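Reviewing the structure listed below.
The values are calculated or read from the model by the stated rules, or taken from the named source; none is laboratory data. The structure displayed is predicted, hence computed values, not measured ones. Cβ placement follows ideal geometry from the backbone for every residue including glycine, while neighbour counts extend to all protein chains displayed. Note: areas computed on protein heavy atoms with side chains; ligands, DNA, RNA excluded. Shrake-Rupley method; radii C 1.70, N 1.55, O 1.52, S 1.80 Å.
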Amino acid sequence: MQALVPSAKVAPRLVYAPDRLGGHALADREYMQLALDLAVRARGRTSPNPMVGSVIVRDGAIVGQGWHHRASEPHAEVLALRDAGEAARGSTMYVSLEPCCHTGRTGPCTEAVIGAGVSKVVVAMRDPNPLVAGKGITRLREAGIEVEENILESEAMLLNEVFIKFITKKLPFVVLKAAVSLDGKIATRTGDSRWITGPESREYGHRLRDTYDAILVGVGTVRQDDPSLTARLPGARDPVRIILDGRATTSPKARVFTQDSDAPTLVAVTGAAPEANTNTLKSAGAEIIVAGEGPRVDLAELMRELATRRISSVLIEGGGEVHASFIAAELPDKVVWFIAPKIIGGARAPGAVAGTGAQRMADVPLLDKVSVRRLGQDICIEGYFTHPVADRSE
């Protein structure tokens, strides 16, 4: 598995011989793959910015490389140019995302590329940010730099699926995660759920927490399990904790408030929440978000509010009712579903998705781009939600 924590060590210099790789096009793909490999080192660290990697090549040798480490820090192109120094003049730069041409918390990368004397820029994908959106490429071409586009474009888009949705839709990328038995249960009839899956799946679950900005559960999960909602891995950072609690009944003694963690805890309530309850939670350290009038939290409104707080991704780890509510609202983008080779049984044992469910198979949301792999004895299924188009022929 690719390391999710940025490495302080720069990748070793590689020299590709075009004849060995089968020609110029394949060499471009190899160099761009290295740029993508550099970019992924900062997974979970650049939000709300994209992950970007850059490689500079001159006379068949890599002379510079870099990746964007964190928001507000130098971009990949700038770090690669610093690494290359004077060797950047007359070189080819490979970058996994179109160089920016506007001034934000850092200066425009296009001007740094032009000033360094780079001869050619190879871009994996255009930046979907409306402030860029092809303008960076146009600026480079106007400066006389040759630009080649769409090298490993689909791989670059997959790498930055969170950023693409956040910057174009102004909404967080939502991942629904569940751990179930072979018969679809998330706990026994008594509520015991530790542990359904094995250690490999649980470790991957913590990597997901380290990757995404926030983790969301319902108040029922807090009452039943008293979870910490932290990423318990070496070097990991904790996600923002979000609790759905329409009437603000979460115990102020819950571990989400009492543990040692730098990440804040947000409690999403409705206008029906008693002021005394919300004040108690504020005293415990919670930040209150009001979304909807009640009795349930308006999930769409909550997602819009989270986006204004620059939370670009949310991992849902709720119970059956929370999962059903998100699916009914057509909010999840992706599913990560762990299946353990266990049969729990029992009509009263909770399932992963509750609610009323679909009436017809034609109404059931489907998963696209599905991948399946083994994690220890468990199976992990990942896919992307597609919702059926309403049948208007009746």
Practice task
Take A236 and decide whether it is surrounded by 15 or more Cβ atoms within 10 Å (Cβ to Cβ), hydrophobic (A, V, I, L, M, F, W, C), over 22 Å from L331 (Cα atoms) and at pLDDT below 95.
Solution key: yes
Exercise for the section: Considering every residue within the range 149-159, establish whether at least one is touching a strand residue (DSSP E or B) at 6+ places or on another chain (Cβ under 6 Å) and over 29 Å from M303 (Cβ atoms). Expected result: yes
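Among the listed residues S261, S251, S283, which satisfies the condition of being of a type in the set (S, T, Y) and in contact with an Asp or Glu (Cβ under 6 Å, 6 or more places away or on another chain)?
S261
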Practice task
Output the number of residues of the range 143-169 satisfying the condition of being in a loop (DSSP other than H, G, I, E, B) and out of contact with any Ser or Thr (no Cβ under 7 Å at 6 or more places or on another chain).
Solution key: 7
Handout entry: Scope the range 32-72; condition open to solvent by less than 20 Å² (accessible area, probe 1.4 Å), within 13 Å of S91 (Cα to Cα) and of a type outside the set (A, V, I, L, M, F, W, C); matching residues
Key = S54, G64, Q65
Problem - Lone unmet requirement of (1) modelled with pLDDT under 90; (2) open to solvent by 60 Å² or more (accessible area, probe 1.4 Å) for R348 - result: (1)
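Could you list, in sequence order, all residues of the range 121-142 that are charged (D, E, K, R) and part of a helix (DSSP H, G or I)?
Hits for the range 121-142 are K135, R139, R141, E142.
Looking at T250, T278 in this structure, which one is within 29 Å of D192 (Cα to Cα), open to solvent by less than 60 Å² (accessible area, probe 1.4 Å) and of a type in the set (V, I, T)?
From the options T250, T278, the qualifying one is T250.
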Exercise for the section: Scan (1) touching a residue at least 40 places away in the same chain (Cβ under 8 Å); (2) assigned to a helix (DSSP H, G or I); (3) among the hydrophobic types (A, V, I, L, M, F, W, C) for the single condition V256 breaks and write down its number. Expected result: (1)
Exercise for the section: Name every residue in the range 166-193 that is open to solvent by 40 Å² or more (accessible area, probe 1.4 Å) and either free of Cβ contacts under 8 Å to residues at least 60 places away in the same chain or more than 15 Å from G351 (Cβ to Cβ) (or both), in order of residue number. Expected result: T168, K169, K170, L171, T190, D192
Problem - Only one of S201, S228 that is open to solvent by less than 30 Å² (accessible area, probe 1.4 Å), part of a loop (DSSP other than H, G, I, E, B), within 23 Å of W337 (Cβ to Cβ) and not acidic (D, E) - result: S228
Handout entry: Candidate set: the range 300-345, residues that are of a type in the set (F, W, Y) and touching a helix residue (DSSP H, G or I) at 6+ places or on another chain (Cβ under 9 Å); chosen: the one nearest to A187 (Cα to Cα)
Key = F338
Completion exercise
Scanning the range 300-345 for residues that are of a type in the set (G, A, S), under 18 Å from the mean Cα position of the chain (by Cα) and under 28 Å from W195 (Cβ atoms) gives S313, G318
Completion exercise
Filter the range 300-328 for residues that are without any contact (Cβ under 8 Å) to a residue 40 or more places away in the chain and open to solvent by 50 Å² or more (accessible area, probe 1.4 Å); the one that is farthest from V290 (Cα to Cα) is A328
Handout entry: Test: residue in the range 73-95 that is more than 19 Å from I145 (Cβ to Cβ) and open to solvent by less than 30 Å² (accessible area, probe 1.4 Å)
Key = no
Problem - Any hit, the range 170-181, residues being at positive phi and not in a helix (DSSP H, G or I) - result: yes
Fill in the blank from the handout: Taking the range 194-212 and keeping residues closer than 23 Å to V240 by Cβ, of a type outside the set (S, T, N, Q) and touching a residue at least 24 places away in the same chain (Cβ under 8 Å) leaves E203, Y204, G205, H206, R207, L208, R209, D210, Y212
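Looking only at the range 282-299, filter to residues that are hydrophobic (A, V, I, L, M, F, W, C) and touching a helix residue (DSSP H, G or I) at 6+ places or on another chain (Cβ under 8 Å); which one of those is surrounded by the most Cβ atoms within 10 Å (Cβ to Cβ)? Show your work before the answer.
As a first pass, look at the range 282-299 and keep what is hydrophobic (A, V, I, L, M, F, W, C): 284, 286, 288-291, 297, 299.
Now drop any that are not touching a helix residue (DSSP H, G or I) at 6+ places or on another chain (Cβ under 8 Å), which leaves 284, 286, 288-289, 291, 299.
Numbers: A284: 17, A286: 24, I288: 16, I289: 17, A291: 22, L299: 21.
In this case the residue turns out to be A286.
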Practice task
Could you figure out which of (1) touching a residue at least 60 places away in the same chain (Cβ under 8 Å); (2) within 25 Å of L302 (Cβ to Cβ); (3) in contact with a Leu (Cβ under 7 Å, 6 or more places away or on another chain) isn't true of I339?
Solution key: (2)
Practice task
Would you please name the residue that is surrounded by the fewest Cβ atoms within 10 Å (Cβ to Cβ), looking only at residues in the range 204-221 that are of a type in the set (V, I, T) and either modelled with pLDDT of 95 or more or within 17 Å of the chain's Cα centre (by Cα) (or both)?
Solution key: T211
